[in-house]
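Here's the structure, in structure tokens; my notes come after.
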Amino acid sequence: MSSPAHAIYSSTLSLSLQGHEFQPQYGVQLIFNTTAQSLLLCAAACSQNPLCRTFDYDSSSHRCRLFEADLTNGAIIAMASQTSIVGSVILSASLYASMYNQSCSACQENRYQTCSSATNTCQCPGNSYWNASMCPLQLFANAACNQIDACRSDLNLSCIINPYGEFTQCLTGINLFTIFVYENLNTDKTFHFFIKLK
């Protein structure tokens with residue numbers, strides 16, 4: 001097992017068969033497109049980038065693409081060329097639970113959580129959220145959500161709450177959240193109020 005100082009370089013990867021590349025659901029999920037001299041160097045680039053969940057590498061062109069996406073919002077597709085391969089970072093709750101919300105010393109030099117300067121504690125990296133066991137990627141427009149921070153806030157998305165107080169889906173244009181309170185819907189005592197936080 002790696003020491004904490006080398007944990008950022010420590011990842012377990014799953015590789016596809018040759019002849020495949022990754023297709024993200026959204027263009028914004030491409031972190032960067034570069035060249036690497038080998039599959040191993042492309043995999044290392046992904047491992048060292050906390051946002052990277054998936055990469056693909058073409059041994060003919062040396063193209064190395066890193067993605068902030070996984071199989072929940074992208075796909076591994078077959079290619080005519082047999083020179084491309086896809087790698088995915090394998091994530092599990094054990095990589096997160098022991099350090100989430102702990103002092104920043106617990107996640108120093110770690111790819112799975114970052115130090116929040118606001119709270120001085122280990123938190124999920126950008127565009128991911130804590131779901132009580134790990135840090136899945138935040139969701140895109142119209143996706144079903146079940147907690148307030150599950151949606152991509154950088155894309156102005158919020159997890160909407162329905163009239164029954166249940167989280168429903170990620171929608172654009174509502175600041176952080178909207179709460180609807182309804183009392184006694186069949187009388188004149190109906191109350192409607194909205195809270196918008198920026």
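Might you report the magnitude of the Cβ-based charge dipole of segment 11-107 about its Cα centre, with Lys and Arg at +1 and Asp and Glu at -1, to the nearest 20 debye?
On the way: 3 positive and 5 negative charges, 17 e Å.
So the dipole magnitude of segment 11-107 works out to roughly 80 debye.
Please work out how much length the chain gains when fully extended from Ser14 to Glu109, using 0.36 nm per residue of separation minus the C-alpha to C-alpha distance, in nm with one decimal. Walk me through the numbers on the way to the answer.
Numbers: separation 95, 0.36 × 95 = 34.20 nm, distance 2.25 nm.
Using 0.36 nm per residue and subtracting the Cα-Cα distance, I get 32.0 nm.
If each of Gln82 and Ala144 carries a label point 7 Å out from its Cα toward its Cβ, how far apart are those two points in nm?
If labels sit at Gln82 and Ala144, their model points lie 4.2 nm apart.
In sequence order, what are the phi-derived ³J(HN,Hα) couplings for segment 42-54 according to the Karplus relation 6.51 cos²θ - 1.76 cosθ + 1.60 with θ = phi - 60°, rounded to whole Hz, with x for glycine and proline?
Per-residue couplings from phi come out as 5, 4, 5, 4, 5, 4, 7, 9, x, 7, 6, 10, 9 Hz.
With all protein chains present, how much of the accessible area of segment 113-170 (probe radius 1.4 Å) comes from carbon and sulfur, to the nearest whole percent? Don't jump to the answer; show the numbers that get you there.
Details: 1410 of 2740 Å².
Percent of accessible area from carbon and sulfur atoms in segment 113-170: 51.
The values are calculated or read from the model by the stated rules, or taken from the named source; none is laboratory data. The structure presented is a predicted model; accordingly, all values stated were derived computationally and were not measured. As a convention, Cβ positions derive from the backbone with ideal geometry for all residues, glycine included, and neighbour counts pool all protein chains shown. Note: areas computed on protein heavy atoms with side chains; ligands, DNA, RNA excluded. Shrake-Rupley method; radii C 1.70, N 1.55, O 1.52, S 1.80 Å.
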